[in-house]
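Take a look at the structure set out below.
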Amino acid sequence: MADPSSYRPKPGQIPDSPGVYRFRDEHRRVIYVGKAKSLRQRLASYFQDLANLHPRTRTMVTTAASVEWTVVSTEVEALQLEYSWIKEFDPRFNVKYRDDKSYPYLAVTLNEEFPRVQVMRGAKRKGVRYFGPYGQAWAIRETVDLMLRVFPVRTCSAGVFRNHVQKGRPCLLGYIGKCSAPCVGRVTPQEHRELAEEFCDFMAGRTGTYIRRLEKQMMAAAEEMEYEKAGRLRDDIEALRRALEKNAVVLADATDADLIAVAQDELEAAVQIFHVRGGRVRGQRGWVTDKVENVDTAGLVEHALQQLYGEESGDAVPKEVLVPALPEDTDAVTQWLSGRRGSAVSLRVPQRGDKKALMETVERNALQALGLHKTRRASDLTTRSRALEEIAEALGLDSAPLRVECFDISHLQGEDVVASMVVFEDGLARKSEYRRFQIKGFEGQDDVRSMHEVITRRFKRYLAEKDRTGEWIGGDDPGHEAKDEDGRPKKFAYPPQLVVVDGGQPQVAAAKRALDELGIDDVAVCGLAKRLEEVWLPHEDDPVVLPRSSEGLYLLQRVRDTAHDFAIRYQRSKRSKRIRTSPLDAVPGLGDTRKQALIKHFGSVKRLRQATIEQICEVPGMGRKTAESVVVALARTAPSAPAVNTATGEIIEENDGGSTA
């Protein structure tokens, strides 16, 4: 590990101008590439107190042994040079989206004498027009099969084409009208190229012209009583419309745009791109990347733009690119995109309307892609086994923790404080054993005390059941051994090998103290701090830092996130229930019918609270005893001060049967 001060350049050596810099390790390998408007200011930010640096940045500067830079004249040049160097050196600390070359494209080989329509994968070739990418190759073939009726372009390979040239007769597609048969001279090379270009225009979104032209030809044929020709044209129009139906209109203004969305957590990010041409989604692709550098959403978007358009030009770069966040240097990125396209490109964040709605759809796809990626990792048996072994090794456990329980605390400004317990067995969630807790020992917000209370209650229940039966079995009925569908004990009967808490040192200490007070010494405890994904152990001043690629860390993170989501859902449900409650609920014997009658008569709980017993008795069905109970109940729940909506600052009026929001 190198000391950054050993290779820090002197302040006067670094120019105050735009440029691109490279960090190299002791073996002269490039480990990080970055760009800056001011090289002097940016590089100075790396050579400060290591304690102030982000952990990933700290690892990078201590791995490096030297830094060098190249001055450029503009920020656009810096952007282009950064992309070129990242591609050339493949630095380990730069965000790199995993290769998407397996996505199939619909390609038209305009660089050949007789252009061919085919499915292509891999690196793009010069002179080939691409459409897509598509999710599945069969989707391309379905579309092509429909369109060959109207645009009978060659689809055969070079070998098949030469074979039929020698035979002097076309293939089956030539006989059934789905190929213009250039192999036997039915069309000239120029006529076939025009067909291929029309095919490309239709796929690029210019669809209305061809359909209207075919409709005119169909009407003309019908007027001339050429009914067979009119029928063929009718079928051609229907085929084109079916091809269009496969890509529903999503933007009514026939926009050409790419929409980019990002979903991320502390360790990984997923990017989804929708390619919209002529208002229709023509293709979709996605990447998942490890976040090996300290980068936010804007930085991820910039990296995605570089990878997406770094080797593209012309119409492959759309007029409009919609993103969830603008890059730090928006003007430079926009100029770079415009240069790749050859005309102006708009880079912006959609704010309203159809484009905003479509962006939300792309974001949902990104979230699903990230979740699916994590689920695939977690569902693999070998991966789960390795994850459990890594956790055991990192925490110093005697064996892999086959049962892991995770606890999290949730509240809203100290109200409705709740906790969750989720259970993972053999690395998989066991939802039937999830539990929820209400914090009862005290009022207010104190996550540490809440964690102590929850751990105490959970393991007291376990000890009680163990003492009662002498075995690990449970059930609310002392005389009944409750079993689940697998014949295993329910409730809190089984102890975990590992308790994970959502938090750092304070929460871990509280959990450990609760176990010590109960005399339990065979359950390990750790905490996972969300900000830096550090694993904390009891009585340790320094955290355990698992490698970012560790399967054990992925599993701990998934357990923690599951507990967090489960706690939030419970807290929100309690808050909603509390908001819907009415002071009249506390009146014994007062049913829904008479509650509604009271509110209808007085208009609100506030006015009912101001009414006398005699006035309440005037309501049909209300006796004096019930009226007295209503007055007492409302007096107990009278607010000491008006309720205020903390989001808007408005005073909340009680305008219905107890609702306060």
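I'm trying to understand the selection: among the residues of the range 107-144, which are β-branched (Val, Ile, Thr), at pLDDT below 85 and touching a helix residue (DSSP H, G or I) at 6+ places or on another chain (Cβ under 8 Å)?
THR143
Report every pair of residues separated by at least 6 positions or lying on different chains whose Cβ atoms are under 7 Å apart, first residue within the range 323-336 and without any contact (Cβ under 8 Å) to a residue 60 or more places away in the chain, second charged (D, E, K, R).
Short answer, once both residue conditions are applied: PRO327/GLU302.
For every residue, the table says whether it meets (1) closer than 20 Å to TYR105 by Cα; (2) of a type in the set (Val, Ile, Thr); (3) part of a strand (DSSP E or B).
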{"position": "VAL276", "(1), (2), (3)": "yes, yes, yes"}
{"position": "VAL281", "(1), (2), (3)": "yes, yes, yes"}
{"position": "TRP287", "(1), (2), (3)": "yes, no, yes"}
{"position": "ASN294", "(1), (2), (3)": "no, no, no"}
{"position": "ASP315", "(1), (2), (3)": "yes, no, no"}
{"position": "LEU347", "(1), (2), (3)": "no, no, yes"}
{"position": "GLN351", "(1), (2), (3)": "no, no, no"}
{"position": "LYS356", "(1), (2), (3)": "no, no, no"}
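Check VAL160 against each of (1) within 48 Å of the chain's Cα centre (by Cα); (2) open to solvent by less than 30 Å² (accessible area, probe 1.4 Å) and name the one condition it does not meet.
With (1) within 48 Å of the chain's Cα centre (by Cα); (2) open to solvent by less than 30 Å² (accessible area, probe 1.4 Å) applied to VAL160, the lone miss is (2).
Just give me the residues in the range 545-560 being open to solvent by less than 80 Å² (accessible area, probe 1.4 Å) and within 22 Å of the chain's Cα centre (by Cα), in sequence order.
Residues satisfying the conditions are SER549, SER550, GLU551, GLY552, LEU553, TYR554, LEU555, LEU556, GLN557, ARG558, VAL559, ARG560.
Do we find that TYR46 is out of contact with any Pro (no Cβ under 9 Å at 6 or more places or on another chain) and open to solvent by less than 70 Å² (accessible area, probe 1.4 Å) in this structure?
The answer is no for TYR46.
If the requirement is being modelled with pLDDT of 80 or more, surrounded by fewer than 15 Cβ atoms within 10 Å (Cβ to Cβ) and part of a helix (DSSP H, G or I), which of these qualifies: ASP516, ASP521, ASP542?
Matching residue, one of ASP516, ASP521, ASP542: ASP516.
Quickly run through the range 395-423 and pick out the residues that are surrounded by 16 or more Cβ atoms within 10 Å (Cβ to Cβ), in a strand (DSSP E or B) and of a type in the set (A, V, I, L, M, F, W, C).
If the condition is that a residue be surrounded by 16 or more Cβ atoms within 10 Å (Cβ to Cβ), in a strand (DSSP E or B) and of a type in the set (A, V, I, L, M, F, W, C), then VAL404, CYS406, PHE407, ILE409, VAL417, VAL418, ALA419, MET421, VAL422, VAL423 are the ones that fit.
Go through (1) within 30 Å of LEU556 (Cβ to Cβ); (2) open to solvent by less than 20 Å² (accessible area, probe 1.4 Å); (3) at pLDDT 80 or above and name the single condition VAL276 misses.
Tallying (1) within 30 Å of LEU556 (Cβ to Cβ); (2) open to solvent by less than 20 Å² (accessible area, probe 1.4 Å); (3) at pLDDT 80 or above, VAL276 fails exactly one: (1).
Pull up the range 426-468, narrow it to residues that are among the aliphatic types (A, V, I, L, M) and not in a helix (DSSP H, G or I), then point me to the one that is nearest to ALA514 (Cα to Cα).
Selected residue: ILE439.
If I filter the range 424-442 down to residues being surrounded by 15 or more Cβ atoms within 10 Å (Cβ to Cβ) and over 28 Å from the mean Cα position of the chain (by Cα), which single residue comes out as nearest to GLU453 (Cα to Cα)?
Only one residue fits best here, namely ILE439.
Suppose the filter is among the basic types (Lys, Arg) and at pLDDT 75 or above; does LYS577 pass it?
It is false that LYS577 is among the basic types (Lys, Arg) and at pLDDT 75 or above.
For the range 354-372, check the following and say yes or no: at least one residue is acidic (Asp, Glu), over 30 Å from ASP522 (Cα atoms) and modelled with pLDDT under 85.
yes
Could you tell me which numbered condition GLU68 fails, if it satisfies all but one of (1) acidic (Asp, Glu); (2) in contact (Cβ under 8 Å) with a residue 12 or more places away in the chain; (3) open to solvent by 50 Å² or more (accessible area, probe 1.4 Å)?
If we test GLU68 against (1) acidic (Asp, Glu); (2) in contact (Cβ under 8 Å) with a residue 12 or more places away in the chain; (3) open to solvent by 50 Å² or more (accessible area, probe 1.4 Å), just (3) comes out false.
The values are calculated or read from the model by the stated rules, or taken from the named source; none is laboratory data. Bear in mind that the values here come from a model prediction, so they are computed numbers and not experimental data. Note: ideal-geometry Cβ built from the backbone for every residue, glycine included; neighbour counts use all protein chains shown. Heavy atoms of the whole protein, side chains included, go into the accessibility calculation; ligands, DNA and RNA do not. Shrake-Rupley method; radii C 1.70, N 1.55, O 1.52, S 1.80 Å.
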